[in-house]
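Report on the following structure.
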Amino acid sequence: MTRSQSESDTQAPAKLWGGRFEGNTDAFVESFTASVTFDQRMYRQDIQGSKAHATMLMEVGVLTEEDHAQILEGLSDIENTIAEGRFEWSVAREDVHMNIEAALIDRIGDAGKRLHTGRSRNDQVATDIRLYVRDACDEIAAEQKRLLKGLVQLASQHTDTIMPGFTHLQTAQPVTFGHHVMAWFEMLLRDLERLEDIRRRVNRMPLGSAALAGTSYPIDRSITMRLLGFDAIAENSLDAVSDRDFAIDFTAAAAITLMHLSRIAEEMVLWMSAQFQFVDLPDAFCTGSSIMPQKKNPDVAELVRGKTGRANGNLMALLTLMKGQPLTYNKDNQEDKEPLFDSIDTWMFSARAFADMLPAMHVNKAAMREAAIKGFSTATDLADWLVKQGMPFRDAHEVVGKAVKHGVDNQIDLGDMSLETLQGFSDKINASVFDVLTLEGSVNSRDHIGGTAPNQVKQAVAKADGRLNAIYATVS
Ligand code: ARG
C-alpha cells in the first residue's frame, strides 16, 4: 500500500512535506510538535506575507497573473473564514502556515501549490512574527500614550497638592502630588521610547531568505519589502531565519514596563490602606472579600504588580531559548511564540487597566497633607535656612537633629514650636524661619528644572504633551 492510499483510507490530511516519508507521524508526536494551537493568532500576518510573496513572484514572472489572482482571492476567502470563526484548524497540519497553505490548495488546487515557490516556512515564520510584533508595538504604543496622557491630566490637577515624599519609605521632604505623578510619567515615557526603538529594529524583512541560504528564483525583495511596509531588507539570510533577538528586545522592554507598573501598583495598594488613605480607587477597579464585609481590595493594582512575574519569566524563557543555538533555524525557535505573545498581552492589558484606573482615582488631599505635616518633613528646610544665615551645613544638621529630637519627645512638629523653643537650639533663628517650615514654603523653594515647586510642576505638565507627541509620532 502506498502512503497516499493509506492516507485516503484513514482520511488523515496529507502532510505538505510528506514526500520522503513512508510511515505516519506518531499521534502524540504530531500534537507535541504542532504549534497551530498558539500560532494561529498570526493568521492575518501570515496571509499578508503570502499575498506579498505571490505578488512579487508574479511581478518577476515566476507566477502567472491568473495564478496570482486565484491565490489572492483564495487567501482573502480564508482570512474571512478564520475571522468569522469558521475555519477548521488542524493539528495534523502542524502550524498556521501549513493550515492556511493546505486550505488554499483545497480551494484552488494547482495555483495554491505554487505559492510556496522560492519560500520556506523559515523565512515565512520569521516574517510573520516580525509583522505581528510590529502591529503589537503600534497597539501597545497607543495604549501607553493613553496612560501617559491620563497621568499628565492627573498631575495638572495636583500641581499644588502637597504630600510627603519618601526615601526608605520614611517621610523625607514634602513634595507635590503632581510632581510624584510626573515621576511616573517619566518612567513610562522611557518605556514608550523603548517600544519605538524595538519597532524600528523589528521592521526589517526576512522574507526572501528562504530556508537559510536564499533562493535560486529571480526574486525581488524590494517589492515584498514595499508591499509589507518594512523599512529594510534583512541583509543576511542565515541570520534572518534564525535570530529572535527582536522578541527578546520586546520581552525585555515589557519586563521593564511591568516593573515600572508594579511600582505604581505598590503605591496604589499602600495608599489605599486604612493606614495611609491617600487615595481611593473607584469601585469599578476593586473587589470585595467573601468573608470580610468591610473589605475593598485594590485587585487590579495587585494583579498588575503580580504580572511582573510572568513578564520576567518570558524574558528568561527567550534568553534561554536562544542561548547556544547554532545557525540557522532550529525547531527550538517554535518555542518563541508563547512567551512573546504572553508579554504582548500582559503589557497591553496592564497598560489598558492603568490607563482606565489611574486618572479615575480619588485623591485625599487632606490625608496627604496631614501625613506631610507629621514626620518632620521640613527638617532639611530648617537646616538649609540656617546655612543661609551663615552656619556650616554639618552644624546646621546637628542643630536640627536636636530640634527634631525635642519634637519627637514632646510630640510637636517643627512648624508648631514657638520661636523661643527654636531659639533654644540656635540663637541665629528668628521669626522668618517659619516661612520655610511650612509645607508651601518648603515645596515652593525647590524651584528649578526637575524640582517639586508647583511652578515647576506646571511647566513640566505644559511640556509633557509635546514630549509625548515627539515619541512614537505615528501613534496618537
Ligand atoms: N511552526 C514553525 C515555527 O514556529 C514554523 C517553521 C517551521 N520550520 C521548519 N523548518 N520546521 O518555528
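Condition first: open to solvent by less than 10 Å² (accessible area, probe 1.4 Å), over 13 Å from Leu340 (Cβ atoms) and within 12 Å of the ligand (Cβ to nearest atom). Now tell me which residues in the range 122-148 satisfy that.
Asp123, Gln124, Thr127
List the residue pairs whose Cβ atoms are under 7 Å apart, where the first residue sits in the range 317-344 and is within 17 Å of Val36 (Cβ to Cβ) and part of a helix (DSSP H, G or I), the second is more than 9 Å from the ligand (Cβ to nearest atom) and not hydrophobic (A, V, I, L, M, F, W, C), and the two are 6 or more positions apart or on different chains.
These pairs meet every condition: Asn333/Arg244; Asp336/Arg244; Leu340/Thr251; Phe341/Arg41.
Against the condition away from the ligand (no atom under 16 Å from the Cβ), open to solvent by 10 Å² or more (accessible area, probe 1.4 Å) and at pLDDT below 95, how does Ala172 come out, does it pass? Can you show your working first?
Details: away from the ligand (no atom under 16 Å from the Cβ): yes; open to solvent by 10 Å² or more (accessible area, probe 1.4 Å): yes; at pLDDT below 95: yes.
Judged against the criteria, Ala172 is a match.
Checking Gly309 against (1) in contact with a helix residue (DSSP H, G or I) (Cβ under 8 Å, 6 or more places away or on another chain); (2) open to solvent by 20 Å² or more (accessible area, probe 1.4 Å): exactly one of these is not met. Which one?
All conditions pass for Gly309, except number (1).
Could you run through the range 236-278 and say how many residues are within 27 Å of Gln144 (Cβ to Cβ) and among the small types (Gly, Ala, Ser)? Talk me through it step by step, then tell me what you get.
Going through the range 236-278, the residues within 27 Å of Gln144 (Cβ to Cβ) turn out to be 243-272, 278.
Those still in the list that are among the small types (Gly, Ala, Ser) too: 247, 252-255, 262, 265.
Going through the range 236-278 one residue at a time, the tally reaches 7.
Is it the case that Glu22 is open to solvent by 70 Å² or more (accessible area, probe 1.4 Å), away from the ligand (no atom under 12 Å from the Cβ), in contact (Cβ under 8 Å) with a residue 12 or more places away in the chain and not in a helix (DSSP H, G or I)?
Spelling it out, Glu22 is indeed open to solvent by 70 Å² or more (accessible area, probe 1.4 Å), away from the ligand (no atom under 12 Å from the Cβ), in contact (Cβ under 8 Å) with a residue 12 or more places away in the chain and not in a helix (DSSP H, G or I).
Here's the yes/no breakdown for (1) in a helix (DSSP H, G or I); (2) surrounded by 13 or more Cβ atoms within 10 Å (Cβ to Cβ):
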{"residue": "Val400", "(1), (2)": "yes, yes"}
{"residue": "Val404", "(1), (2)": "yes, yes"}
{"residue": "Asp409", "(1), (2)": "yes, no"}
{"residue": "Ser426", "(1), (2)": "no, yes"}
{"residue": "Gly441", "(1), (2)": "yes, yes"}
{"residue": "Gly451", "(1), (2)": "no, yes"}
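Within the range 175-197, which residues are of a type in the set (A, V, I, L, M, F, W, C), surrounded by fewer than 21 Cβ atoms within 10 Å (Cβ to Cβ) and more than 20 Å from Val269 (Cα to Cα)?
Leu189
Give the number of residues within the range 191-214 that are touching a residue at least 60 places away in the same chain (Cβ under 8 Å) and assigned to a helix (DSSP H, G or I).
Taking the range 191-214 as the starting set, the residues that turn out to be touching a residue at least 60 places away in the same chain (Cβ under 8 Å) are 191-196, 198-199, 202-212.
Cutting the leftovers down to assigned to a helix (DSSP H, G or I) gives us 191-196, 198-199, 202.
The number of residues fulfilling the criteria is 9.
Give me the residue from the range 89-121 that is β-branched (Val, Ile, Thr), within 14 Å of the ligand (Cβ to nearest atom) and over 15 Å from Lys337 (Cβ atoms) and, out of that set, least open to solvent (accessible area, probe 1.4 Å).
Quick first cut of the range 89-121, residues β-branched (Val, Ile, Thr) only: 91, 96, 100, 105, 108, 117.
In the following step, the residues that additionally are within 14 Å of the ligand (Cβ to nearest atom) were identified as 91, 96, 100.
Then drop every residue that is not over 15 Å from Lys337 (Cβ atoms), which leaves 91, 100.
On the way: Val91: 58, Ile100: 3 Å².
Among residues in the range 89-121 that are β-branched (Val, Ile, Thr), within 14 Å of the ligand (Cβ to nearest atom) and over 15 Å from Lys337 (Cβ atoms), the one least open to solvent (accessible area, probe 1.4 Å) is Ile100.
The values are calculated or read from the model by the stated rules, or taken from the named source; none is laboratory data. The model shown is predicted, which means the values in this text are computed figures rather than measured ones. All Cβ positions, even for glycine, are placed from backbone atoms using ideal geometry, and neighbour counts span all protein chains on display. Accessible surface is based on the protein model in full, side chains and every heavy atom, while ligands, DNA and RNA are left aside. Shrake-Rupley method; radii C 1.70, N 1.55, O 1.52, S 1.80 Å.
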